[in-house]
Amino acid sequence: MKKSTKSSLIIFIVVFIVGYVMACFIPDELLMYTTINGSILSFLGSEIVKITGMRTIIALAIALIAVLLIRIVDTEEKTEKNKNAKKNEKKETK
């Protein structure tokens, strides 16, 4: 595995755990309302499963957004460094 893939996986796991802990502070009534009135989890019968599922979806969304933003920033920085290196090589050859 590439080094960037390993770091992205570690970041994803850490942010997922932190996101799930943050979602635990959301009141259960609010999560029940959102799952009943507009979620793909509304077909589930148990209220505990609905609450746990909604917290998991929230944590997954936070983790995916964080990892994708980090990857985008990293690739932009690499392309800028490559452009600067190419410009320096052209200047040196002249």
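Selection of the stretch 1-26 for residues being farther than 21 Å from I70 by Cβ and open to solvent by 70 Å² or more (accessible area, probe 1.4 Å) yields only F25. Close Cβ contacts (under 8 Å, 6 or more residues apart or on different chains) running from residues in the stretch 21-33 that are farther than 17 Å from A63 by Cα to residues that are of a type in the set (F, W, Y) are absent.
The values are calculated or read from the model by the stated rules, or taken from the named source; none is laboratory data. As the structure is a computational prediction, the values presented were derived from the model and not from experiment. As a convention, Cβ positions derive from the backbone with ideal geometry for all residues, glycine included, and neighbour counts pool all protein chains shown. Please note that ligands, DNA and RNA were not included when accessible areas were found on the heavy atoms of the full protein model with its side chains. Shrake-Rupley method; radii C 1.70, N 1.55, O 1.52, S 1.80 Å.
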